[in-house]
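What follows is a set of notes on a single structure, which appears directly below.
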Ligand SMILES: NC(=O)c1ccc[n+]([C@@H]2O[C@H](COP(=O)([O-])OP(=O)(O)OC[C@H]3O[C@@H](n4cnc5c(N)ncnc54)[C@H](O)[C@@H]3O)[C@@H](O)[C@H]2O)c1
Ligand SMILES: [Zn+2]
């Protein structure tokens, strides 16, 4: 009898050391390992109807050999979540949303050894997920990254299935084999929550650089100072660009733009008509138009305006329209042709942009940019409806769900 018990214990210890997934037992002890056993069930915030989440509880399933169980620490509320909450444009309801999440590995399948960048993964590591290229496993960190996430799946925007633990607005997430995942244990929680939106801007800046116009000493206009424009400013500043003019209609956002690196700001509400506004932008640059501009609003009027702020031979990166926001009217002769403006569009990001983002977040902190102040509100999971309404009321910048 005693012999059998010892055998059982040895088997269990060995299987846990190998990261076997066969049991629901406690994670092996490790300095940074999660305290206590993994529960049998996990809460999720399930969007069950328009503007309504229910907190539901589902069993934590057995893991496959390539899967990872992550204990969620926090997740940002994105504009896409707001669209789903209000209108369900992707037709996903019922769905567990949340794609700007991060957490700790509490259990791993035996085949899991490294992350998508080749960095070792272990229990207790802090991770983020990127996209799931189920149909194209050839897309990796190490290819030329010509493809961005368009068409790929993302945790937090998956149709509900019998696993249910598919989004970061939950206590646990099951990361299935074939997903991209990154070990970001060297970043604090707030930085990790900001990775996904920051990757959008890393990609936009990389797109901007392909024009050859964005340089160390460029004059750069950033129109729109929501989270997207503000992060754009922080990235430009971190790159060493000193001449950045922020344009928005919300004074509080413009003030924060200066904290994040803008050298001057223009409140468009203080100026009547596009000529007067253009003069104000020019004044803010000390009498010059912008060499380069980033369009970070979802407003077609703002798109039409921005050409006026750019000098002849300058460049534009349009990234403000994640979804269709309608048509804009521009004058092709004055705005593009005779000015010889070079324009690039930017949409989402690539896996490589994620790795660059980790370095950006560290660099931004090193130069003293208060990047974590982008997270203005934190709510527990059971207040997720309130968190989304706060987001819709545009009371803050980035709203986050934080698990205790
Ligand atoms: N390209 C991508 O992959 C990508 C990814 C995420 C978001 N986006 C898009 O980026 C846009 C900005 O995102 P956000 O989260 O910062 O949104 P947000 O709504 O918080 O910010 C937009 C800002 O633009 C300002 N604004 C509106 N009209 C303006 C005008 N005429 N001139 C100057 N400023 C004006 C608003 O006051 C606001 O501060 C959204 O439309 C979103 O769809 C694109
Ligand atoms: Zn997002």
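No lab work stands behind these numbers, since they all come straight from the coordinates. All figures in this text were calculated on a predicted structure; none of them were measured in a lab. We place every Cβ from the backbone using ideal geometry, glycine too, and count neighbours over all the protein chains shown.
If you average the alpha carbon positions of the range 83-103 and of the range 354-385, how far apart do those two centres end up, in angstrom?
21 Å
Can you tell me which of 50, 277, 351 moves the most in a GNM of the chain? Springs connect C-alpha atoms under 10 Å apart.
For the chain, modelled as a Gaussian network with Cα springs under 10 Å, the answer is 50.
Give me P(r) over the range 198-345, computed from all C-alpha to C-alpha distances, binned every 5 Å, as integer percentages.
P(r) for the range 198-345, in whole percents per bin: 2, 11, 22, 26, 23, 12, 4, 0.
When every alpha-carbon pair in the chain is counted, what percent end up more than 38 Å apart?
Result: 25 percent of Cα pairs exceed 38 Å.
Indicate the gyration tensor shape class of the range 187-231 (rounded, prolate or oblate), computed on the Cα atoms with a ≥ b ≥ c the square roots of the eigenvalues: a/c under 1.5 is rounded; otherwise a/b larger than b/c is prolate and the rest oblate.
prolate
Give the Cα extents of the range 337-404 along the principal axes, in whole Å, largest first.
Taking the Cα atoms of the range 337-404, the three principal extents are 53, 31, 25 Å.
Neighbouring Cβ atoms within 10 Å as the yardstick, rank 196, 340, 51 fewest first. Could you put the intermediate results ahead of the total?
Numbers: 196 25, 340 9, 51 13.
Listed from fewest to most nearby Cβ atoms, that is 340, 51, 196.
Compute the angle between helix 2-17 and the longest alpha-carbon principal axis of the chain, please, reported from 0 to 90 degrees and rounded to the nearest 10.
Between helix and principal axis, roughly 10 degrees.
Using the count of nearby Cβ atoms within 10 Å as a rough guide to exposure, how do 219, 87 rank from fewest to most?
87, 219
How do the peptides 228-238, 205-215, 266-276 rank, highest first, by the average count of neighbouring beta carbon atoms within 10 Å per residue?
Top to bottom by mean Cβ count within 10 Å: 228-238, 205-215, 266-276.
Consider a paramagnetic label point 7 Å from the Cα of residue 304 along Cα→Cβ; state which residues of the range 269-287 have an amide N under 11 Å from it.
274
Sort out for me the Cα centre separation of the range 196-236 from the range 302-328, rounded to whole Å.
Centre-to-centre (Cα) distance: 13 Å.
Can you give the Kirkwood hydrodynamic radius of the range 150-245 from its Cα pairs, in Å with one decimal?
This gives a value of 16.1 Å.
Would you compute, from DSSP H runs of 4+ residues alone, the mean residue ellipticity of the chain at 222 nm, taking -39500 (n - 2.57) per run and dividing by the full residue count, rounded to the nearest 500?
Values: 9 runs with 111 residues, N = 404.
Helix contribution divided over all residues of the chain: -8500 deg cm²/dmol.
Which length gain, in nm to one decimal place, applies between residue 65 and residue 394 when the Cα-Cα distance is subtracted from 0.36 nm times their residue separation?
114.2 nm
At q = 0.15 Å⁻¹, what is the base-10 log of I(q)/I(0) for the range 32-119 according to the Debye formula with one equal point scatterer per Cα and no solvent? Please give it to two decimals.
So the normalised log intensities are -0.73.
Take peptides 325-334, 379-388 and line them up by average Cβ neighbours within 10 Å, highest first, as a rough protection proxy.
Result, highest mean Cβ count within 10 Å first: 379-388, 325-334.
So how tilted is helix 273-284 from the main axis of the chain? Cα-based, degrees 0 to 90, rounded to 10.
Here the helix axis deviates by roughly 80 degrees.
Measure nothing fancy, just the Cα-based angle from helix 189-209's long axis to the longest principal axis of the chain, in degrees from 0 to 90, nearest 10.
The helix 189-209 is inclined about 40 degrees to the chain.
I need 90, 216, 292, 169 ordered by Cβ neighbour count within 10 Å, fewest first.
Fewest-to-most ranking of 90, 216, 292, 169: 216, 90, 292, 169.
Measure of size requested: the Rg and Dmax of the range 268-356, with Cα atoms as the atom set and Å as the unit; please supply both.
Here Rg and the maximum Cα pair distance are 14.1, 43 Å.
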